[in-house]
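For reference, the structure is listed below as structure tokens.
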Ligand code: SF4
């Protein structure tokens, strides 16, 4: 994908390929605290090499565009649930799904926990200098057991009905399950009693209407997911070991970006030899 570096006025400027802000670069075996977000942990699981080049080597990784339509459903859902949070009343989806014993959880830190950029759920990992963070979409509460329920809002546009089985078994949704497993680890480490079942609130845009007419309709699904964070600590340990190592880890062989850059490097050297100049 093409990602042009731009200045504050959105004008394209030459890209150096290096990060400017040093606080995002980890020095192997450093003693100062260093934050790792849920997103960076997922990067490590997907490709340790890219994670290392980004966090340790300080390369400026190309960005993906902001998904503003998806963010809009999140924003509107947040308003909807905050209204009911203040009233401590169940949402219509709870009633439809026979979950009327649930309410949106009220806590003074809720806004901070949902702020993925600046705060999120936060713990120090064991006795290390690694601070783990993750911005959760929402937390509900079982009024009977008082346990907390982790919730992720997801927006998509797929034809047909969505079943829990299909949704959870979709390989593209593996990262979503990792996301909730990680949040469950953070919340339990923060001392909260977390319900074993979390939910994906899926908003699926309906693509079969005959026109747009300034209106996009959605179906809503509540997909239960029984989280499992047994595996999380082992992977965090692996991640920290990788960060403290001087060796760049192996790349993910399935990545098109790396395959592309390797082919580009080969092409460049061939063309340079043929033409006697750079490509
Ligand atoms: S394999 Fe892909 S994700 Fe990994 S370092 Fe290469 S470009 Fe990055």
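The values are calculated or read from the model by the stated rules, or taken from the named source; none is laboratory data. None of the values given here were measured: they were computed from a predicted structure. Note that we place each Cβ from the backbone using ideal geometry, even for glycine, and neighbour counts take in every protein chain shown.
Tell me, which residue of the stretch 241-262 that is out of contact with any helix residue (DSSP H, G or I) (no Cβ under 7 Å at 6 or more places or on another chain) and in a loop (DSSP other than H, G, I, E, B) is nearest to the ligand (Cβ to nearest atom)?
Step one: filter the stretch 241-262 for residues out of contact with any helix residue (DSSP H, G or I) (no Cβ under 7 Å at 6 or more places or on another chain), giving 241, 244-247, 253-262.
Still in the list and also in a loop (DSSP other than H, G, I, E, B): 244-247, 253-255.
On the way: 244: 19, 245: 15, 246: 17, 247: 14, 253: 7, 254: 8, 255: 3 Å.
Step by step, filter the stretch 241-262, then rank; the result is 255.
Please list, ordered by first then second residue, the pairs with beta carbon atoms under 7 Å, 6 or more apart or interchain, first in the stretch 243-259 and over 15 Å from residue 62 (Cβ atoms) and in the same structural domain as residue 44 (by TED's automatic domain parsing), second part of a loop (DSSP other than H, G, I, E, B) and more than 9 Å from the ligand (Cβ to nearest atom).
Sorted first by the residue in the stretch 243-259, then by its partner, the pairs are 243/26; 243/28; 243/56; 244/28; 244/29; 245/28; 246/28.
Against the conditions (1) farther than 30 Å from residue 77 by Cα; (2) at pLDDT 95 or above; (3) not in a helix (DSSP H, G or I), where does residue 277 fall short? Just the number, please.
Result: residue 277 passes all but (2).
Looking at the stretch 84-159, what strands (runs of 3 or more DSSP E) fall wholly within it and have at least 3 residues that are crowded, with 18+ Cβ neighbours inside 10 Å?
Per the criteria, 102-104, 130-134, 138-142, 148-156.
Please go through the stretch 58-79 and give me each residue that is touching a residue at least 60 places away in the same chain (Cβ under 8 Å) and within 14 Å of the ligand (Cβ to nearest atom), ordered by number.
62, 63, 64
Identify, from the list 38, 55, 19, the residue that is in contact with a strand residue (DSSP E or B) (Cβ under 9 Å, 6 or more places away or on another chain), within 16 Å of the ligand (Cβ to nearest atom) and at pLDDT 95 or above.
Just one listed residue meets the conditions, 55.
All but one of (1) modelled with pLDDT under 95; (2) out of contact with any helix residue (DSSP H, G or I) (no Cβ under 7 Å at 6 or more places or on another chain) hold for residue 85; which doesn't?
(1)
Being under 24 Å from residue 119 (Cα atoms) and either exposed (fewer than 11 other Cβ atoms within 10 Å of the Cβ) or within 13 Å of the ligand (Cβ to nearest atom) (or both): is that true of residue 49 here?
no
Just need a number here: residues in the stretch 253-276 that are within 30 Å of residue 202 (Cα to Cα) and surrounded by 13 or more Cβ atoms within 10 Å (Cβ to Cβ).
Residues flagged as within 30 Å of residue 202 (Cα to Cα) and surrounded by 13 or more Cβ atoms within 10 Å (Cβ to Cβ) within the stretch 253-276 amount to 2.
Listed here are the residues, each with its yes/no results for (1) under 27 Å from residue 1 (Cα atoms); (2) out of contact with any strand residue (DSSP E or B) (no Cβ under 8 Å at 6 or more places or on another chain).
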site	(1), (2)
198	no, no
204	yes, no
216	no, no
225	no, no
237	no, yes
244	no, yes
256	yes, yes
261	yes, yes
265	yes, yes
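Has the stretch 92-110 got any residue that is under 24 Å from residue 178 (Cα atoms) and either out of contact with any strand residue (DSSP E or B) (no Cβ under 6 Å at 6 or more places or on another chain) or within 16 Å of the ligand (Cβ to nearest atom) (or both)?
yes
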